[in-house]
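Notes to accompany the following structure.
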Amino acid sequence: MSNLAINGGKKVFEVPANIPSWPPVYEDTADEIREIYLSHAWSFYGKKEVEFNNEFAKYTGANCCAMMANGTVTLEVAMQALGIGPGDEVIVPAYTWIATGEAVVVVGATPVIVDIDPATFCIDPAKIEEAITAKTKAIIPVHLYGSMADMDKIMAIAKKHNLFVIEDCAHAHGGEWNGKHVGTIGDVGSFSFQQSKTVASGEGGACITNDEALGEKMGRISHIGYQYAAKQGQASTPPPIGLICHNYRITEFQALILLSQLRNLRRDTETRAASAEFLREKLNAIDGITVQEKGRCATLQGYYMLGVRIDSDRLKEGITRAEFAQAVNAEDAPVSTGWGNLMNRQKLWSVPESMYRIESCAVAERLATKELITIPLQWLMCTREELAKLAEAFAKVAAEYIR
Ligand SMILES: Cc1ncc(COP(=O)(O)O)c(C=O)c1O
């Protein structure tokens with residue numbers, strides 16, 4: 001007789017977990033937003049934008065930071081500033097949000113989609129090397145959910161083949177690889193501050209770099225050609241001819257919200273990392289379940305989610321990953337199943353087959369379509385008792401659905 005909640009049994013969470021609402025809000029920030037509103041100074045290299053650029057550069061240890069409208073245009077601007085365009089190929093992982101690949105198409109280059117590592121779910125360095133051609137110009141590793149791509153191996157490949165590396169850090173704020181903040185190891189680090197992200201302002205993004213000339217270019221591209229920290233209507237020098245610029249500006253409201261979150265980022269990253277370790281131990285102890293591994297050299301892991309793999313070979317006849325997740329949800333333990341497919345098979349992907357190349361991606365396909373369950377960020381702010389119950393919900397479902 002099944003005692004799963006989905007079959008009418010008692011829920012593991014008789015009282016729902018106190019999962020915090022996301023993004024976080026602070027009363028003092030609400031007051032400061034009012035001040036900005038009343039000041040009439042809402043945009044254009046305002047005080048808060050410049051302050052966030054300085055603070056985020058300091059936090060990450062980068063030389064420059066350029067805030068922008070979102071974490072898709074940051075990828076585009078990074079590629080444009082590096083001179084990537086038509087005729088070039090850019091290697092991207094098969095399991096990521098479509099923006100990683102579509103940004104490559106927007107700048108006129110060709111995304112080359114390669115497989116991921118089965119343990120970290122991030123791009124597999126061996127597959128990168130196999131996909132390199134004379135046209136390859138760059139690699140975009142994505143530090144996915146709660147892990148990090150192997151930056152040492154990727155940088156060695158990039159050096160050997162003279163390639164640029166743009167780290168897609170949309171999921172990895174606060175993460176450190178061998179003590180270095182993600183985004184500072186490659187040529188550019190691209191961040192998203194979209195509202196589900198670890199650091200969130202509704203919409204928003206930033207590029208960081210250690211190369212000041214590159215930082216200056218990225219600032220100009222995203223500010224329709226203006227030099228850094230310019231006042232509106234006061235361009236001192238023009239952008240170089242051929243550097244096609246755009247308006248991807250962020251507003252003062254967003255910069256203020258991000259500054260308020262940056263103050264707590266280290267503390268919150270450490271809290272989430274400790275919660276993830278607690279869950280990792282409990283979930284890895286369940287037969288048929290393995291938690292996404294941390295980055296090989298993670299000295300501090302920044303979590304956006306915790307990825308969990310349900311071994312599809314071990315699921316009982318007729319049981320799917322979706323049903324497993326639904327059964328966990330029915331215990332009042334909300335979890336999700338990720339994007340559900342490879343980047344080029346997600347519903348919103350609109351790039352014709354002639355405009356990208358995909359290598360064999362069996363690892364990503366199995367994970368994305370049959371095995372991945374994601375535990376959202378907010379869980380990692382819950383108490384140990386709640387996390388223990390979340391693991392209990394997985395164990396309870398596994399006892400019935402895994403053989
Ligand atoms: C891996 C990855 N890269 C880039 C982006 C794009 O960020 P944005 O939504 O801010 O444009 C996202 C957004 O979810 C993402 O998950």
Checklist entry - Only one of Glu51, Glu32 is within 27 Å of Asn210 (Cβ to Cβ), acidic (Asp, Glu) and either surrounded by fewer than 19 Cβ atoms within 10 Å (Cβ to Cβ) or within 16 Å of the ligand (Cβ to nearest atom) (or both); which? => result Glu51
Checklist entry - Taking the stretch 228-269 as the search range and keeping residues that are in contact with a strand residue (DSSP E or B) (Cβ under 7 Å, 6 or more places away or on another chain) and among the charged types (D, E, K, R), which one is surrounded by the fewest Cβ atoms within 10 Å (Cβ to Cβ)? => result Arg249
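Go through Glu323, Glu270, Glu331 for me and flag whichever is free of Cβ contacts under 8 Å to residues at least 40 places away in the same chain, closer than 25 Å to Ala17 by Cβ and either outside the structural domain of Gly179 (by TED's automatic domain parsing) or of a type outside the set (Asp, Glu) (or both).
It is Glu270.
Would you mind stating whether His143 is buried (at least 24 other Cβ atoms within 10 Å of the Cβ), touching a His at 6+ places or on another chain (Cβ under 8 Å) and under 25 Å from Gln378 (Cβ atoms)?
On the way: buried (at least 24 other Cβ atoms within 10 Å of the Cβ): yes; touching a His at 6+ places or on another chain (Cβ under 8 Å): yes; under 25 Å from Gln378 (Cβ atoms): yes.
Criteria met by His143.
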Checklist entry - Do we have any residue at all in the stretch 234-246 that's modelled with pLDDT of 95 or more, within 16 Å of the ligand (Cβ to nearest atom) and not assigned by TED's automatic domain parsing to the domain that holds Val328? => result yes
Item to check | Unique residue being in contact with a strand residue (DSSP E or B) (Cβ under 9 Å, 6 or more places away or on another chain) and either within 24 Å of Thr369 (Cβ to Cβ) or among the hydrophobic types (A, V, I, L, M, F, W, C) (or both) when the list is Ala170, Ala156 | outcome: Ala170
Checklist entry - Somewhere in the stretch 174-181, is a residue under 24 Å from Val105 (Cα atoms), within 16 Å of the ligand (Cβ to nearest atom) and crowded, with 22+ Cβ neighbours inside 10 Å? => result no
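Rundown of residues vs (1) part of a loop (DSSP other than H, G, I, E, B); (2) under 30 Å from Ile91 (Cβ atoms); (3) among the polar types (S, T, N, Q), yes/no style:
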residue	(1), (2), (3)
Ser312	yes, yes, yes
Ala327	no, no, no
Asp332	yes, no, no
Asn341	yes, yes, yes
Lys347	yes, yes, no
Val351	yes, yes, no
Ile373	no, yes, no
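The values are calculated or read from the model by the stated rules, or taken from the named source; none is laboratory data. If you're wondering where the values come from, they're calculated on a predicted model, not measured in any experiment. A quick note on method: Cβ atoms are made from the backbone with ideal geometry, for glycine too, and the neighbour counts reach across all protein chains shown.
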